[in-house]
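Throughout, read-outs are computed from the coordinates displayed, never taken from laboratory work. Every value quoted in this text rests on a predicted model; they were computed, and no experiment measured them. Here Cβ is always computed from backbone atoms with ideal geometry, including for glycine, and neighbour counts include all displayed protein chains.
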Amino acid sequence: MTTTTPQPTATDLPEGGLHTQRIGALDFETGGHLPEAEIAYETWGRLNAEKSNAVLVLHALTGSTHVAASSGDPEEGWWEGVVGPGCAIDTNTWFVIAPNILGGCYGSTGPSSLDPEGNPWGSRFPFTTIRDSVHAEARLADALGIERFQAVIGGSMGGARALEWAATYPDRVAGMAVIACGAHSTAEQIAFAQAQVQSITLDPNFRGGDYYPGPTPDGGLGIARKIAHITYRSEPDMVARFGRAAQPEENPFGEPVRRQGRYQIESYLDYQAAKLVKRFDANSYLVLTEALMSHDVSRGRGPEAEVLGSIRVTPFIAAVESDRLYFPGQSQELARQLPGDVTVHMIDSPIGHDGFLTDLDQVAAEMTRVLGL
């Protein structure tokens with residue numbers, strides 16, 4: 001005799017705040033295995049009785065589930081003003097779910113999580129691809145009783161996941177928004193990522209990934225963040241904000257042997273590194289960076305043009321004019337290979353890649369129109 005686990009109903013799904021859902025054992029694309037995994041997620045709005053008003057929002061590399069303020073957590077989120085009552089994605093109408101990616105450190109199972117014996121997974125955590133993370137998110141949708149999303153929306157690594165959703169589960173997605181991301185990781189993106197990975201693995205505190213409970217490889221993680229942040233911002237933005245100015249009360253020029261003072265741009269990068277080290281696990285940074293390096297929607301499926309040409313979900317593609325990590329041309333190449341005449345909506349922001357976070361409001365209304373939100 002077999003038994004089934006009752007599915008949650010629209011009335012008992014959690015509203016607001018951070019929640020976790022067990023999704024069972026997972027087999028990974030390259031052969032790894034987890035005997036049990038959990039996905040953390042936040043929600044906004046209410047799922048209707050037909051379960052037809054769900055929208056999946058996916059975070060970037062070091063993002064979290066906290067897209068916007070909620071009754072469970074009033075702190076501002078990373079797309080504040082885009083998701084919420086009366087916003088572009090109006091949670092008076094739509095039920096929004098934002099999961100933490102598998103391998104992350106904001107509640108989902110990752111390298112710092114404990115194995116069945118109570119030890120951190122550390123170096124034993126499986127190599128994870130974007131496709132693996134999407135399979136885990138589909139398991140979350142199954143557990144919540146959601147068969148189909150009106151839209152799957154993401155920027156940067158979230159955009160890679162949105163595209164992978166459309167290719168892997170086309171019957172479960174009506175529309176996708178791929179923002180500041182292309183169809184695959186380019187050689188240059190992989191090169192930047194490899195430098196970040198090695199900055200962590202060469203830290204003497206890394207210990208092959210088994211550094212729990214510490215000391216942690218903060219120096220390596222901080223350098224990785226600096227490399228990444230340089231690619232997230234544009235050169236004109238750095239010139240306009242910092243130029244060659246010295247940090248107040250410091251002298252970056254003229255020391256007799258080794259300089260001690262910093263330029264303002266150096267102080268800014270130190271600040272960004274210190275912030276990330278306080279909130280992020282180095283192993284998760286490795287797992288997710290290598291997952292993004294693996295991003296290739298056509299892998300194992302055939303020529304990219306044929307794979308993208310077969311996608312039938314409604315696409316919304318956007319790029320940041322000044323992006324030097326995911327150049328607008330990569331979004332245009334993606335759009336050209338999708339069926340029909342797909343427009344690339346441009347975000348006019350001077351700051352670079354991070355414009356998909358700070359200035360999405362420029363295209364949010366058009367995004368919701370195209371995706372029927």
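General observations
- Note, ³J(HN,Hα) from phi for region 114-131, Karplus 6.51, -1.76, 1.60, rounded to Hz, x at Gly and Pro: 8, 7, x, 8, x, 10, x, 4, x, 5, 8, 5, x, 4, 10, 10, 4, 5
- Projecting the Cα atoms of 186, 111, 60 onto the charge dipole of the chain, computed from C-beta unit charges around the Cα centre, puts 186 farthest toward the positive end.
- Stretched out straight at 0.36 nm per residue, the stretch from residue 148 to residue 361 would grow longer than its current Cα-Cα span by 74.1 nm.
- Taking amide H as placed 1.01 Å from N in the peptide plane, the amide H of residue 36 sits under 5 Å from that of 26, each at least 5 places away or on another chain.
- Calculated on the alpha-carbon coordinates, the convex hull of region 262-373 measures out at 148 cubic angstrom per residue.
- Cα centroid of region 72-93 to Cα centroid of region 228-299, whole Å: 29
- Once the Cα atoms are used to define both axes, helix 264-279 deviates from the longest principal axis of the chain by about 40 degrees.
- Sorting 152-158, 342-348, 318-324 by average packing, meaning the other beta carbons within 10 Å per residue, from highest down gives 152-158, 318-324, 342-348.
- Cβ-derived FRET efficiency at R0 41 Å, residue 76 paired with residue 188, nearest 0.05: 0.80
- Projecting the alpha carbon convex hull of the chain along each direction and taking the average yields 20.9 nm².
- Built amide H within the under 5 Å cut-off of residue 151, gap 5+: 56, 174, 175
- Table column - 3J(HN,Hα) (Hz), region 362-373, Karplus curve with 6.51, -1.76, 1.60, x for Gly and Pro: 4, 10, 4, 5, 5, 4, 5, 5, 4, 8, x, 9
- Simple label model, 7 Å out from Cα along Cβ direction - residue 310 to residue 33, nm: 2.9
- In order through region 184-200: 3J(HN,Hα) via Karplus (6.51 cos²θ - 1.76 cosθ + 1.60), integer Hz, x for Gly, Pro: 7, 6, 7, 4, 5, 4, 5, 5, 4, 5, 4, 5, 5, 4, 5, 4, 7
- For region 267-373, size of Cβ-based charge dipole, Lys and Arg +1, Asp and Glu -1, in debye: 320
- Peptides ranked, highest mean first, by Cβ atoms within 10 Å: ranges 82-95, 26-39: 82-95, 26-39
- Cut-off 12 Å between beta-carbons: net charge of the residues surrounding residue 165, Lys and Arg +1, Asp and Glu -1: +1
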